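The values are calculated or read from the model by the stated rules, or taken from the named source; none is laboratory data. Only a predicted model underlies this, so the values are computations on that prediction, with no experimental measurement involved. All Cβ positions, even for glycine, are placed from backbone atoms using ideal geometry, and neighbour counts span all protein chains on display.
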Amino acid sequence: MRLNPASEFLSLSLSIPLSPLSLSLYTSPPPSLSSPVSLSGSAIKRIPLLLNRRAAPFFSPSFTVIKFVDIHDTHGNLQRQQAVYFSAEMSYRGVGFGGADSPPSIQRETMTEIEGVPIISSVTQSWDQIRNFKARPDDVLIATYPKAGTTWMVEIVDCIMNDGDTERCKRSPTHDRAPFMELNPPKPFPSGLQQLASMASPRLVKTHLPVQLVPQSFWENDCKVIYVARNAKDNLVSYYHFQHMNQGLPETGSWEHYISSFLSGQVPWGSWFDHVIGWWESKAEHRVLYLFYEDLKEDPAREIERVARFLGKGLDQAVIDRITDHTSFSQMKENPMANYSTLPAFIFNQAVSPFMRKGTVGDWKQHFTVSQSERFDEEYRRRLAGTSLRFRTEL
Ligand code: PPS
């Protein structure tokens, strides 16, 4: 069975040599979609299914395939049809991912390095293609260190680009509206590059790459970049919880050990210090709007207006207010198109820690002991000494 999402359509190929067939397609979370399709004939069938992608986040399809067996009487007359259910192997973009009896799973990644930056191995595998990514002049790049407020900024920028039409911003999940450029997930999931290749302009592109690893074409095209930075301690706490719940990321080790890993930059996408400083300095050369998570928390409407201005959009106050409301933590936590609930639990196990976890400034105080905080601050002062970059760790 093959499921090929294409813009507003999904089409489905069946290669089950049985006839006639009826098929129901469900998506998670239920009961978002159920579209029974009847088939006759045999062999491979390709059925265009018109699906509302908002209602059908395509990462979690499940199928019930029913074969209707004809029951004849002794004279050969058709008496009734009996439904026989069977589990079929599912596939996405041509790659199978197990049937109903074998729930899919992924393995936690190991880390390698790209030009001295620790990163998950799958990124390294497609590094040549990522390096050669062809940015378009109207691409908007949202760059962040992981867990600094990427999803929040994607929602804000998508709303701005759609003139405050918040309903339109619910058309598909975050990872679909702003593909994660360097992500190369396990099959059957499409890579960021594959998603971007089929996306219409203007594209919203997400990256966690440090500035020196960003594909050159973004600079050649003078693309606009929005960078969001978050204070190191809250960023660390958020990343620690995320590495637990994201079944594809390496294990963290103990909390104590994780603080050391973070300080030495031995976490996926490398050193927080190098990342925030590198991007800070890049403002001198490139069109980078450098924002702080803490400022967004303090006065979201003010920061949304700054982003709108940077993108060349003049929005009136009512629109800014609507976007502010739509992108608040409480709204996004409940929005399935923004809270990553469309990803199955074998990837993001939100029972371990929700993606929209706390969304506050200062949660680090609930995690660090006094001595851990002192050790952290010492290294922090040393690393930030030579820059004008300053963060707030409480509001
Ligand atoms: S990722 O996986 O790197 O893309 O994660 P990212 O989106 O950068 O960061 C997730 C953290 O951002 C918080 N978040 C928000 N905070 C305030 N307001 C809004 N609207 C919002 N949306 C997301 C999210 O809760 C994560 O932070 P923690 O501290 O873990 O709660």
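Per-structure values
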item: Residue count, region 242-257 (criterion: in contact with a Pro (Cβ under 9 Å, 6 or more places away or on another chain) and under 18 Å from residue 150 (Cβ atoms)); result: 5
item: Lone unmet requirement of (1) surrounded by fewer than 22 Cβ atoms within 10 Å (Cβ to Cβ); (2) more than 14 Å from the ligand (Cβ to nearest atom); (3) touching a residue at least 40 places away in the same chain (Cβ under 8 Å) for residue 130; result: (1)
item: Per-region count, region 331-341, residues assigned to a loop (DSSP other than H, G, I, E, B), touching a helix residue (DSSP H, G or I) at 6+ places or on another chain (Cβ under 8 Å) and either among the aliphatic types (A, V, I, L, M) or more than 12 Å from the ligand (Cβ to nearest atom) (or both); result: 2
item: Any chance residue 302 is more than 24 Å from the chain's Cα centre (by Cα), closer than 17 Å to residue 229 by Cα and part of a helix (DSSP H, G or I); result: yes
item: Hey, residue 369 out of contact with any helix residue (DSSP H, G or I) (no Cβ under 6 Å at 6 or more places or on another chain) and of a type in the set (Ser, Thr, Tyr) or not; result: yes
item: Condition broken by residue 346, with the remaining ones in (1) in a helix (DSSP H, G or I); (2) farther than 29 Å from residue 213 by Cα satisfied; result: (1)
item: Residue in region 342-355 that is away from the ligand (no atom under 13 Å from the Cβ), assigned by TED's automatic domain parsing to the domain that holds residue 231 and buried (at least 17 other Cβ atoms within 10 Å of the Cβ) present; result: yes
item: Residue count, region 155-172 (criterion: crowded, with 23+ Cβ neighbours inside 10 Å and within 14 Å of the ligand (Cβ to nearest atom)); result: 6
item: Condition met for residue 253 (free of Cβ contacts under 8 Å to residues at least 60 places away in the same chain and not polar (S, T, N, Q)); result: yes
item: Scan of region 243-257 for residues that are under 22 Å from residue 362 (Cβ atoms) and either away from the ligand (no atom under 15 Å from the Cβ) or surrounded by fewer than 20 Cβ atoms within 10 Å (Cβ to Cβ) (or both), ordered by number; result: 244, 245, 252, 255, 256
item: Unique residue being in contact with a strand residue (DSSP E or B) (Cβ under 8 Å, 6 or more places away or on another chain) and within 15 Å of the ligand (Cβ to nearest atom) when the list is 279, 364; result: 279
item: Qualifying positions in region 277-299 - of a type outside the set (A, V, I, L, M) and not in a helix (DSSP H, G or I); result: 283, 285, 286, 287, 290, 292, 299
item: Residue list for region 211-242, filter: in a helix (DSSP H, G or I), over 21 Å from the mean Cα position of the chain (by Cα) and more than 13 Å from the ligand (Cβ to nearest atom); result: 212, 216, 217, 219, 220
item: First in region 285-302 and within 20 Å of residue 232 (Cα to Cα), second anywhere and away from the ligand (no atom under 15 Å from the Cβ) and not hydrophobic (A, V, I, L, M, F, W, C), Cβ under 6 Å, 6 or more apart; result: 290/283
item: Residue match in region 311-330 (condition: under 19 Å from residue 239 (Cβ atoms) and either part of a loop (DSSP other than H, G, I, E, B) or within 11 Å of the ligand (Cβ to nearest atom) (or both)); result: yes
